[in-house]
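A short write-up of the structure that comes next.
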Amino acid sequence: MMLRKFLLLLIVVCCAFACNSQTKGESIFPIRGFCIAAPSTQKIDAFVKFIKEELAPRNVNTLILRVDYNYQYTSHPELRDSIALSKGDVKKLVAVCKSAGIRLIPQVNLLGHQSWAKKTTNLLKVYPQFDETPHVKVENYTAWPNADGLYCKSYCPLHPEVHNIVFDVVDEICDVFETDAFHAGMDEVFYIGDDKCPRCGGRDKAVLFAGEVTTIRNHLTEKNRQLWIWGDRLIDGKTTGIGMWEASYNNTYRAIDLIPKDVMICDWHYERPDKTAVYFAMKGLKVATCPWRNAGNALAQVNDMISFRSDATAEMKDNYQGIIQTVWSDAGVFMDGFYGNKKDEQGGDNTPWNCFRVSFARMKGL
């Protein structure tokens, strides 16, 4: 009898300890995120399996899917990719994320990233009148740097019709994803306030950028949704030495003092583990640090976020939200690498899948 009581007590204590440890681990980082391009329709079932077997056991609680026009929009079918996810495909993702307790957030690139190399993407291809720099021809693109300063096209944020189109898309994708948040991208915006734009020429680029962030945020707020964006345009690339990719050289950084404080910042740094999360937090913004493929940097970034939260004042602690692993390929390519079906000979240990394993092992060990 005494032995049975002892064993029962031991089980209760172990269960309480395990539960308490999990609660502590989860409370350290409110966001334990994963960001990747939405799978193709052929890879939906494989990705659902990946969510169940890999993301959920690692306590991933936020999944950002870069959708753009990989969905069969009914509001603007002219913007669909030629092969795109159906509503049924998306509902499979919604269901598995709900069952795993994962917050599912779609991304459609707004403002910037409206072209890539010599390809104009769907919005400006269908609605060329929205182009901020129509005089720059993507077919002339060679490589970076180039005489046109072309990296990716932007739409004109002051065009009187652009938001009628993009907000239809935003509302539809948020509805089908059953989400309370939307990621607008807004990274690497090199074209804004172009001198030749009849609406934007001569205007303050920081004011233009902040105005677009605020316009998108206000639209989402009407339906109780939160805006998420990448943070690079809000960092002064010259003063910090961070440069023109992970920060801004075209003076948009001053927009940090002009945007609403409820915008969620995804602060990506891939070459160095720069500690700019502190900057965003001190500006009153919630921020998550975003690694990519350098496992050493990712481990430093996880440890930094632990320190930021543990050392912060009560007023600032909640601004440090956690870590989001970013992947800049589609889901199929990532899963091939993750499961060893395809090796990155050049990457070695510095691959997104190894980075993911290392950073989430550290987080799960908290």
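Out of the residues in the range 108-125 meeting the condition of being of a type in the set (A, V, I, L, M) and in a loop (DSSP other than H, G, I, E, B), tell me which one is farthest from LEU158 (Cα to Cα).
Checking each candidate, the answer is ALA117.
Right, GLY193: surrounded by fewer than 19 Cβ atoms within 10 Å (Cβ to Cβ), of a type outside the set (D, E, K, R) and assigned to a loop (DSSP other than H, G, I, E, B) or not? The answer is no for GLY193. In the condition set (1) more than 28 Å from ALA38 (Cβ to Cβ); (2) in contact (Cβ under 8 Å) with a residue 40 or more places away in the chain; (3) not hydrophobic (A, V, I, L, M, F, W, C), GLY322 is compliant with all but (1). Among the residues of the range 86-137, write down those that are surrounded by 20 or more Cβ atoms within 10 Å (Cβ to Cβ) and free of Cβ contacts under 8 Å to residues at least 24 places away in the same chain. Hits for the range 86-137: nothing passes. Test GLU161 against the stated conditions and say whether it is under 30 Å from LYS91 (Cα atoms) and either in contact with a Ser or Thr (Cβ under 6 Å, 6 or more places away or on another chain) or surrounded by fewer than 17 Cβ atoms within 10 Å (Cβ to Cβ) (or both). Judged against the criteria, GLU161 is not a match.
ALA181 - would you say it is under 20 Å from the mean Cα position of the chain (by Cα), of a type in the set (A, V, I, L, M), within 17 Å of LEU285 (Cα to Cα) and surrounded by fewer than 21 Cβ atoms within 10 Å (Cβ to Cβ)? Yes; evaluated as a whole, the condition is true for this residue. Taking the range 130-140 as the range and being modelled with pLDDT of 95 or more and either in contact with a Ser or Thr (Cβ under 6 Å, 6 or more places away or on another chain) or over 25 Å from ILE165 (Cβ atoms) (or both) as the test, the residues that pass are GLU132, VAL138.
Residues being free of Cβ contacts under 8 Å to residues at least 60 places away in the same chain and either in a helix (DSSP H, G or I) or among the charged types (D, E, K, R) (or both): count how many of those fall in the range 138-179.
12
Taking ASP81 as the residue in question, decide whether it is of a type outside the set (Ser, Thr, Tyr), in contact with an Asp or Glu (Cβ under 7 Å, 6 or more places away or on another chain) and surrounded by fewer than 20 Cβ atoms within 10 Å (Cβ to Cβ). No. Just one of (1) part of a helix (DSSP H, G or I); (2) under 21 Å from CYS35 (Cα atoms) fails for LEU104. It is (1).
The values are calculated or read from the model by the stated rules, or taken from the named source; none is laboratory data. Only a predicted model underlies this, so the values are computations on that prediction, with no experimental measurement involved. Every residue, glycine as well, gets a Cβ built from its backbone with ideal geometry; the counts of neighbours run over all protein chains shown.
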